[in-house]
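Quick notes on the structure that follows.
The values are calculated or read from the model by the stated rules, or taken from the named source; none is laboratory data. Everything numeric in this text was worked out from a predicted model, so none of it was measured. Positions of Cβ are backbone-derived with ideal geometry, glycine not excepted, and every protein chain shown enters the neighbour counts. Please note that ligands, DNA and RNA were not included when accessible areas were found on the heavy atoms of the full protein model with its side chains. Shrake-Rupley method; radii C 1.70, N 1.55, O 1.52, S 1.80 Å.
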Amino acid sequence: MENKVLNIPFSKSFVDELAKRLLDETRDNPLSLSDILILLPNRRAVSSLKDAFVRHNGLMPTMLPRMQVIGDSDEEELLLTGLSSFAQVEDISPAIDKVERLLIFTKIIMSRPKEFGITDLSSAQACYLAGELANLIDVVENERLSFDKLENLVPEEYTAYWQETLNFLNIITQFWPSIQAERGVVDSSKRRNQLLEMQINIWKQSPPQNRIIAAGTTATYPLMKELVKTILGFEKSELMIYGLDRDIEDEA
């Protein structure tokens, strides 16, 4: 496993290191580069890696590897591999647009501010609170948690103050599930995680034969860690990360 994890010094760009290394490895067979799947943390990394291949290979025609976002990806960018059909994907509800979600939360907050213990609320403040609610949903979804036990979250002596917060959080614990069900949609973070989970299961059942490189990802939430762990179990797989401490304890 150790030889599959490559350390990148903080002083170097991982996209430059990766592009140079892959071009050197495939110099005798340039077409083999297109068989490699590279998983990157965001769109900027994908764009930077494409530019790095151009810098290192000049004007020579190059068959680039497949590059895919797995960190902040929208569901349309997360292309699953190993599916015999897209029927499984179609069973997952579509994601609601993030702007639409923000506007819905803003409208709810402005329509009944007194119910949530809020007075003299401007539209800008309502929009800010709506954004915080949306962020909370995404954090809870990423951490594979739920809102089921919110009522028992604080000690009894603070329950009076906590009740005001709970009234506000009813927007996402009571109103929002009903709105999603009515529209037949889910949060984009939930859909992305469902797709990632599906990809993990597909790869576990039928490990890919092509080379996979996860580069630059910090695997900051549980499902991403499981994906990286799954990838490292394949025969042709690698992980490129910054500042790896090889003497760190196993748990860390």
Taking a threshold of 18 Å on the Cα-Cα distance, which of the pairs 190/225; 4/50; 98/229 fall above it? 4/50; 98/229
Gap in Å between the Cα centre of the range 165-209 and the Cα centre of the range 114-131? 26
Mind giving me the FRET efficiency for residue 114 and residue 220? R0 is 25 Å, r the Cβ-Cβ distance, nearest 0.05 is fine. 0.10
Which of the peptides 59-67, 229-237 is most tightly packed, and how do the rest follow, judged by the mean count of other Cβ atoms within 10 Å per residue? 229-237, 59-67
Rank 239, 188, 163 by how far each Cα sits towards the positive end of the charge dipole of the range 163-239 (+1 on Lys, Arg Cβ; -1 on Asp, Glu Cβ) and give me just the farthest. 239
Once both label points are put 7 Å beyond Cα along the C-beta direction, the residue 204-residue 173 separation in nm becomes 3.1
When the convex hull of the Cα atoms of the range 85-220 is projected onto a plane and the area is averaged over all directions, what value comes out in nm²? 11.5
Rounded if a/c is under 1.5, else prolate if a/b is larger than b/c, else oblate: which is the range 91-164, with a ≥ b ≥ c the root eigenvalues of its Cα gyration tensor? oblate
If packing is taken as the average number of other Cβ atoms within 10 Å across a peptide's residues, how do 191-203, 99-111, 174-186 rank, most packed first? 191-203, 99-111, 174-186
Of all the accessible heavy-atom surface of the range 29-69, with the other protein chains kept in place and a 1.4 Å probe, what percent is carbon and sulfur? 59
